[in-house]
Amino acid sequence: MNTYARFPLTLTRGEGSRVWDDKGNGYLDFISGIAVNTLGHAHPKLVAVVAAQAATMLHCSNLFHIPSQQQLATQLATLSGLERAFFCNSGAEANEGAIKLARKYFFDQGSKRRTIITASQSFHGRTLATLTATGQDKVKVGFDPLPSGFDYVPYHDIEALKQAINKDTAAIMLEPIQGEGGVHQADPSYLQAVRQLCNEHGLLLILDEVQTGIGRCGTMFAFQQASITPDILTLAKGLGGGVPVGAMLAREEVAVSFGPGTHGSTFGGNPLSCSAALTVLDEIKQNQLLENVQNRSKQLRAGLTNLAKRFSVMGEVRGAGLLLGVPLKMEAASVVAAARDAGLLILLAGPNVLRLLPPLNVSEAEIDEALQKLAIAMEKQV
Ligand SMILES: *Cc1c(COP(=O)(O)O)cnc(C)c1O
């Protein structure tokens with residue numbers, strides 16, 4: 001179906017931070033399949049693990065114990081501080097699980113609290129519940145009746161949040177950086193204040209790290225930069241390095257509300273996706289990719305800030321790690337197109353913001369090359 005406004009480009013092959021189209025033209029890929037290809041394309045280790053797993057067992061269903069799923073759960077629990085994991089196939093599915101778990105947690109306590117507060121300009125997915133959670137009207141038009149139980153507040157406004165909490169409130173659900181909504185970052189102090197509010201009112205804090213998680217922001221999870229821990233955490237995009245896998249993690253006390261039969265997923269956490277995710281986590285650790293993200297982020301930020309001195313339509317760089325946004329005083333689509341002509345793939349975040357999402361193992365030389373290509377694209381705009 002015609003659900004996507006696609007770029008006029010057919011990609012057929014990739015290697016590291018580069019992709020090639022069907023005519024043989026090469027591009028630096030600073031989209032990474034929308035923050036998915038954590039290790040770049042055709043990463044030799046990931047390729048070998050996926051091929052070996054395919055030759056052993058792709059899928060067996062959650063009727064059985066799956067060792068790689070148990071290992072992945074243990075690793076994510078250690079990394080996040082949240083003891084329990086549920087595996088699924090996408091960000092929307094992870095968020096659906098989080099919404100269901102929050103409601104069930106209060107139901108089990110005999111409480112009537114059900115409402116989840118989310119932020120305007122947020123993005124949480126395209127299923128009926130997650131598009132309702134999403135604080136953007138454009139994704140909702142024509143899909144009513146929508147599920148009830150969501151309230152909205154401006155992002156990064158602690159007073160508005162305080163006022164929105166009432167006797168029906170069960171949880172607050174936020175992205176540490178709004179990716180789709182324009183690369184808007186919450187200060188650590190805001191996230192700390194939200195955590196504090198949740199503690200005071202007995203609410204669950206759900207963080208949607210579908211885009212920001214798995215090293216993208218320079219720490220394994222973005223929430224670690226605010227020194228807080230959510231009650232529920234959702235992951236997907238970068239977790240499998242290109243193999244579809246999502247996860248919903250929760251504190252033990254919350255997770256017990258999901259007993260046998262309460263929730264499920266046929267494909268979720270199958271041997272293929274879990275072996276891919278384990279490889280991604282292993283590679284991040286073995287090759288110090290968090291450090292690389294931090295260093296390449298500094299370099300890319302500095303380069304973009306320099307470009308903004310040359311091109312006055314470019315505003316101040318936003319975001320963290322290798323999830324960076326540049327607001328423009330013009331339509332971003334024409335810059336994205338010109339960058340593509342110059343051999344650089346970048347993305348939009350709303351109509352006026354450029355979004356750059358290179359793989360976590362991008363090299364220093366590739367960042368320099370991308371900046372040169374972006375400069376060529378910007379020159380065409382004036
Ligand atoms: C992409 C995204 C989603 C939706 O993920 P899908 O895998 O497309 O369902 C949810 N939340 C955030 C923050 C995202 O960036």
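Just for the range 222-234: of the residues that are in a loop (DSSP other than H, G, I, E, B) and more than 23 Å from residue 154 (Cβ to Cβ), which one is farthest from the ligand (Cβ to nearest atom)?
227
Could you please find all residues in the range 311-335 being free of Cβ contacts under 8 Å to residues at least 60 places away in the same chain and not polar (S, T, N, Q)?
Listed by number, the residues that qualify are 315, 316, 317, 326, 328, 329, 330, 331, 332, 333, 335.
Scan the range 256-272 for residues that are among the aliphatic types (A, V, I, L, M) and either within 22 Å of the chain's Cα centre (by Cα) or not assigned by TED's automatic domain parsing to the domain that holds residue 110 (or both) and report the count.
Summing the residues that are among the aliphatic types (A, V, I, L, M) and either within 22 Å of the chain's Cα centre (by Cα) or not assigned by TED's automatic domain parsing to the domain that holds residue 110 (or both) in the range 256-272 gives 1.
Mind counting the residues in the range 85-110 that are without any contact (Cβ under 8 Å) to a residue 40 or more places away in the chain and more than 13 Å from the ligand (Cβ to nearest atom)?
Summing the residues that are without any contact (Cβ under 8 Å) to a residue 40 or more places away in the chain and more than 13 Å from the ligand (Cβ to nearest atom) in the range 85-110 gives 2.
Just a yes or no: is a residue in the range 195-215 assigned to a loop (DSSP other than H, G, I, E, B) and either at pLDDT below 95 or among the polar types (S, T, N, Q) (or both)?
Checking the range 195-215: at least one residue is assigned to a loop (DSSP other than H, G, I, E, B) and either at pLDDT below 95 or among the polar types (S, T, N, Q) (or both).
Kindly indicate which of 219, 134 is within 29 Å of residue 327 (Cα to Cα), surrounded by 14 or more Cβ atoms within 10 Å (Cβ to Cβ), of a type in the set (Ser, Thr, Tyr) and within 13 Å of the ligand (Cβ to nearest atom).
Criteria check complete, one pass: 134.
Criterion first (outside the structural domain of residue 268 (by TED's automatic domain parsing) and at pLDDT 95 or above) does residue 64 satisfy it?
Here the answer is no, as residue 64 does not meet what is asked.
Can you list residue pairs whose Cβ atoms sit under 6 Å apart, with the first residue in the range 116-129 being in a strand (DSSP E or B) and the second being within 11 Å of the ligand (Cβ to nearest atom)? Count only pairs 6 or more apart in sequence or on different chains.
116/173; 118/133; 118/173; 119/174
If you go through the range 77-92 one residue at a time, how many are farther than 16 Å from residue 274 by Cα, crowded, with 20+ Cβ neighbours inside 10 Å and out of contact with any His (no Cβ under 9 Å at 6 or more places or on another chain)?
Number satisfying all stated conditions: 2.
List the pairs whose first member sits in the range 207-225 and is of a type in the set (Ser, Thr, Tyr), whose second member is more than 15 Å from the ligand (Cβ to nearest atom), and whose Cβ atoms are under 9 Å apart, counting only residues at least 6 apart or on separate chains?
Every condition considered, the pairs that remain are 219/225; 219/290; 219/293; 219/294.
Any residue at all in the range 322-331 that is closer than 16 Å to residue 18 by Cβ, surrounded by fewer than 16 Cβ atoms within 10 Å (Cβ to Cβ) and not acidic (Asp, Glu)?
no
Are there any pairs with C-beta distances below 7 angstrom linking a residue in the range 357-382 that is over 24 Å from residue 279 (Cα atoms) to a residue that is hydroxyl-bearing (Ser, Thr, Tyr), with the two at least 6 apart or on different chains, and if so which?
Pairs that qualify, where the first residue is over 24 Å from residue 279 (Cα atoms) and the partner is hydroxyl-bearing (Ser, Thr, Tyr), are 381/334.
Just to verify a result, which residue in the range 243-277, among those that are surrounded by fewer than 22 Cβ atoms within 10 Å (Cβ to Cβ) and within 16 Å of the ligand (Cβ to nearest atom), is nearest to residue 361 (Cα to Cα)?
So the residue we want is 243.
Scan the range 111-121 for residues that are within 13 Å of the ligand (Cβ to nearest atom) and either of a type in the set (A, V, I, L, M) or surrounded by 22 or more Cβ atoms within 10 Å (Cβ to Cβ) (or both) and jot them down.
Matches in the range 111-121: 118, 119.
Please verify whether the range 35-49 includes one or more residues that are more than 14 Å from the ligand (Cβ to nearest atom) and farther than 30 Å from residue 343 by Cα.
Yes - at least one qualifying residue is present in the range 35-49.
Working only within the range 1-40, note down all residues that are in contact (Cβ under 8 Å) with a residue 60 or more places away in the chain and within 14 Å of residue 241 (Cβ to Cβ).
Result: 16, 17, 29, 32, 33, 34, 35, 36, 37, 38, 39, 40.
The values are calculated or read from the model by the stated rules, or taken from the named source; none is laboratory data. These numbers come from a predicted model, not from an experiment. As a convention, Cβ positions derive from the backbone with ideal geometry for all residues, glycine included, and neighbour counts pool all protein chains shown.
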